[in-house]
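First up is the structure itself, then whatever we jot down about it.
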Amino acid sequence: MEILDEIKKDYIIDLMKKNKRPDDRGYFDYRPCTVEKGIFESAEGSARVKLGKTQVVAGVKIEMGTPFKDRPGEGVLSTTAELLPLASPTFEPGPPDECAIELARIVDRGIRSSNTIDLESLFIEKDKVLMIFVDVYVLDHDGNLIDASALASMAALLNAKVPKIEDGKLIKAERIDNLKITQKVVTCTFSKIGSQIVLDPRLDEEKAMSARLTLATTPEHVCAMQKGGKGAFTSDELINLVDASFEKGNELRKLLD
């Protein structure tokens, strides 16, 4: 497998030198992408995203709980990710590994730093708040799990309805109000391969990249960045990628409508 990966890596790098990608996309083009909301009746909100051959689902659960001691007036947001073994032969059963943890943290950071959910609005009474759990499941892995997972999570939150609150308890059978969403945050992930930078890398492109940069944006702001890999981006490259992330992010936001 390592020998095959090295061959693929060399092939991708050679293509980039010829200003080509394996699937003939432009450098800053996304693969075909679809968003489907409300796929799980048992969840308060859910969505499925297909990005090329990558497929991710996200579910939102809403529970009653106790706030953190240092934030007594705010609700709780928690994001997890699971890389199901059926999605890739490299994924193994068991507790989340560092890749799953990183994926969950990047998605969570975009939602949290953009104030997509007003955590203060989840306060019910002293020592009682709503807790929002966003769970991401990777079903098929062909690269760029970050953007697919972030988009699925945002779609699931937009789809979520809050159960009725009666006598300080949640009535799960009665979902009456949409979860209050203040922003639509999405991520755009770029990979540096040789001297070229591409958006939405496929799995074979990810194996050839030296560096990765993810930007989480709302229509007005960059609210989070995450770099991966050992390579680097220049300041000029970073400025160009910020501009591109707004343009391509707006394309993703249209899919949420």
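The values are calculated or read from the model by the stated rules, or taken from the named source; none is laboratory data. This structure is a prediction, so every number in the text was calculated from the model and none was measured. Counting neighbours? That spans all protein chains shown, and the Cβs are built from the backbone with ideal geometry, glycine included.
What pairs can you find where one residue is in the range 117-132 and in a helix (DSSP H, G or I), the other is surrounded by 15 or more Cβ atoms within 10 Å (Cβ to Cβ) and not small (Gly, Ala, Ser), and their Cβ atoms are less than 6 Å apart, with a gap of 6+ or different chains? Partner pairs satisfying both residue conditions: LEU119/GLU74; GLU120/GLU74; LEU122/VAL129; LEU122/LEU130. Of all residues in the range 179-205, those that are at positive phi have Cβ atoms under 9 Å from Cβ atoms of residues that are part of a strand (DSSP E or B) and of a type in the set (Phe, Trp, Tyr), 6 or more apart or on another chain, in ASP200/PHE190. Consider the range 204-218 and keep the residues that are outside any loop (DSSP other than H, G, I, E, B) and under 16 Å from the mean Cα position of the chain (by Cα). The one that is surrounded by the fewest Cβ atoms within 10 Å (Cβ to Cβ) is ARG212.
For the range 215-257, the tally of residues that are out of contact with any Leu (no Cβ under 9 Å at 6 or more places or on another chain), over 25 Å from THR34 (Cβ atoms) and acidic (Asp, Glu) stands at 3. Inside the range 75-100, residues that are buried (at least 17 other Cβ atoms within 10 Å of the Cβ), assigned to a loop (DSSP other than H, G, I, E, B) and modelled with pLDDT of 90 or more make up a count of 1. Looking only at residues of the range 30-70 that are in a loop (DSSP other than H, G, I, E, B) and under 18 Å from the mean Cα position of the chain (by Cα), we find that the one that is nearest to GLY168 (Cα to Cα) is GLY38. Total residues in the range 115-153 satisfying the condition of being within 21 Å of ASP200 (Cβ to Cβ), surrounded by 22 or more Cβ atoms within 10 Å (Cβ to Cβ) and out of contact with any Lys or Arg (no Cβ under 6 Å at 6 or more places or on another chain): the figure is 13. In summary, MET16 fulfils each of the numbered conditions (1) surrounded by fewer than 18 Cβ atoms within 10 Å (Cβ to Cβ); (2) of a type outside the set (Lys, Arg); (3) assigned to a helix (DSSP H, G or I) with the single exception of condition (1).
Within the set of pairs 6+ apart or on separate chains, which have a first residue in the range 216-228 that is of a type in the set (Lys, Arg), a second that is at pLDDT 95 or above, and C-beta atoms under 9 Å apart? Short answer, once both residue conditions are applied: LYS227/ALA211; LYS227/ARG212; LYS227/LEU213; LYS227/THR214; LYS227/PHE233.
Which of the residues spanning the range 19-59 are among the hydroxyl-bearing types (Ser, Thr, Tyr) and crowded, with 17+ Cβ neighbours inside 10 Å? Lay out the reasoning, then the answer.
Of all residues in the range 19-59, those among the hydroxyl-bearing types (Ser, Thr, Tyr) come to 27, 30, 34, 42, 46, 54.
Answer for the range 19-59, where residues must be among the hydroxyl-bearing types (Ser, Thr, Tyr) and crowded, with 17+ Cβ neighbours inside 10 Å: TYR30, SER46, THR54.
Among the candidates LYS184, LYS172, the residue that is among the basic types (Lys, Arg) and either assigned to a strand (DSSP E or B) or farther than 30 Å from GLY75 by Cα (or both) is uniquely LYS172.
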